[in-house]
Amino acid sequence: MLKVEKVEKPEFFNSWIKKNESWNQVLRKYILEKEQQHFCCYCEKKVTAYGEDSHIEHIRPRNKFPKLKNEYNNLLVSCERKERCGHAKGSRFNEYFIVPTEENPGDYLTYSPNGEMRPIDNNQKGRETIKILNLNTPALRDARRVMFIQLHGMKNAPGCDEFEKHFNEYPTLITYFKENYLKQT
């Protein structure tokens, strides 16, 4: 799960608030480029601003926090997978949900070599966020496991500290691997 640093809201944001649907792609593109490096804010799969693979995600759901409906800092971009991330979350939100614009998910979440996302020290925020977002679907777990195997195979190769050049998803998994496996011999 990404830690997202919000930037200044764009000038066109007020046009988006007025419900001009043509601005949805413009806002998604802005957030993805300026804040999320084209990753889903939750699962870290690559997404685009165009097409049907992403949507504007209200971190705090609109029906529970109507005053935050048009608050720029409450908006991120999530993938469109029905079984995980923003769609799995829907209106579910509680005090244990990790808000990636306010907290560093890396303080609560980690990975295992089998690709599973786990809460650090079994903390409640990590457990609840993984559950709400369904971040251990078989497809996500398998993809992360394969990437972990690939990273492990490359760890002694020249330029291994530049894994980001070879992989275009799961940046926090790459960081985790570098911090925990490159130091080992």
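FYI, it's all coordinate maths here, none of it is from the lab. Fair warning: this is a prediction, and the values are worked out from it, not measured in the lab. Positions of Cβ are backbone-derived with ideal geometry, glycine not excepted, and every protein chain shown enters the neighbour counts.
Where Lys and Arg each count +1 and Asp and Glu each count -1, what net charge lies around Thr137 among other residues with Cβ under 15 Å from its Cβ? Walk me through the numbers before you get to the answer.
Values: positive: Lys45, Arg81, Lys82, Arg84, Lys89, Arg118, Lys131, Arg141, Arg144, Arg145; negative: Glu44, Glu80, Glu83, Glu116, Asp142, Glu169.
With Lys, Arg at +1 and Asp, Glu at -1, the net is +4.
Would you work out which of Gln37, Ile56, Pro100 lies farthest towards the positive end of the dipole of the range 13-181, given +1 charges on the beta-carbon of Lys and Arg and -1 on that of Asp and Glu, about the Cα centre?
The Cα lying farthest towards the positive end belongs to Ile56.
If I take R0 = 45 Å and measure r between the Cβ atoms of Lys9 and Asp121 in this structure, what FRET efficiency does the formula 1/(1 + (r/R0)^6) give, to the nearest 0.05? Could you put the intermediate results ahead of the total?
Details: r = 36 Å, r/R0 = 0.80.
The pair Lys9/Asp121 has a calculated efficiency of 0.80.
Under a Cβ-only charge scheme (Lys and Arg +1, Asp and Glu -1), can you give me the dipole magnitude of the range 13-181 about the Cα centre, in debye to the nearest 20? Numbers along the way, then the final one.
Numbers: 27 positive and 23 negative charges, 127 e Å.
It comes to approximately 620 debye.
Subtracting the Cα-Cα distance from 0.36 nm times the residue separation, let me have the gained length for Thr175 to Glu83 in nm, one decimal. It would help to have the intermediate numbers written out before the result.
Working: separation 92, 0.36 × 92 = 33.12 nm, distance 2.58 nm.
My answer for the length gained is 30.5 nm.
Can you put Phe39, Phe13 in order, fewest other beta carbons within 10 Å first? Provide the component values of the computation, followed by the final result.
Working: Phe39 23, Phe13 16.
Ordered by Cβ neighbours within 10 Å, fewest first: Phe13, Phe39.
Taking the Cα atoms of the chain, report the difference between the largest and smallest coordinate on each principal axis, in whole Å and largest first.
So the three principal-axis extents are 56, 33, 26 Å.
Using the beta-carbon distance between Asn168 and Lys131 and R0 = 22 Å, what value does 1/(1 + (r/R0)^6) give for FRET efficiency, to the nearest 0.05? Provide the component values of the computation, followed by the final result.
Details: r = 27 Å, r/R0 = 1.24.
E between Asn168 and Lys131, to the nearest 0.05, is 0.20.
Does the range 1-104 classify as rounded, prolate or oblate by the C-alpha gyration tensor (a ≥ b ≥ c root eigenvalues; a/c under 1.5 gives rounded; else a/b over b/c gives prolate, otherwise oblate)?
Details: a/c = 1.35, a/b = 1.15, b/c = 1.18.
Note, shape of the range 1-104 comes out rounded.
For Ser91 and Thr48, compute 0.36 nm times the residue count separating them, minus their Cα-Cα distance, and round to one decimal in nm. Write out the running numbers ahead of the final one.
Values: separation 43, 0.36 × 43 = 15.48 nm, distance 2.36 nm.
My answer for the length gained is 13.1 nm.
Evaluate E = 1/(1 + (r/R0)^6) for Arg62 and Lys155, where r is the Cβ-Cβ distance and R0 equals 45 Å; express this FRET efficiency to the nearest 0.05. The partial results should precede the final answer.
Values: r = 44 Å, r/R0 = 0.98.
Approximately 0.55, to the nearest 0.05.
Once you put a point 7 Å from the Cα of Tyr72 and another 7 Å from the Cα of Asn24, both along the Cβ direction, what distance in nm separates them?
With each label placed 7 Å out from Cα toward Cβ, I get 2.1 nm.
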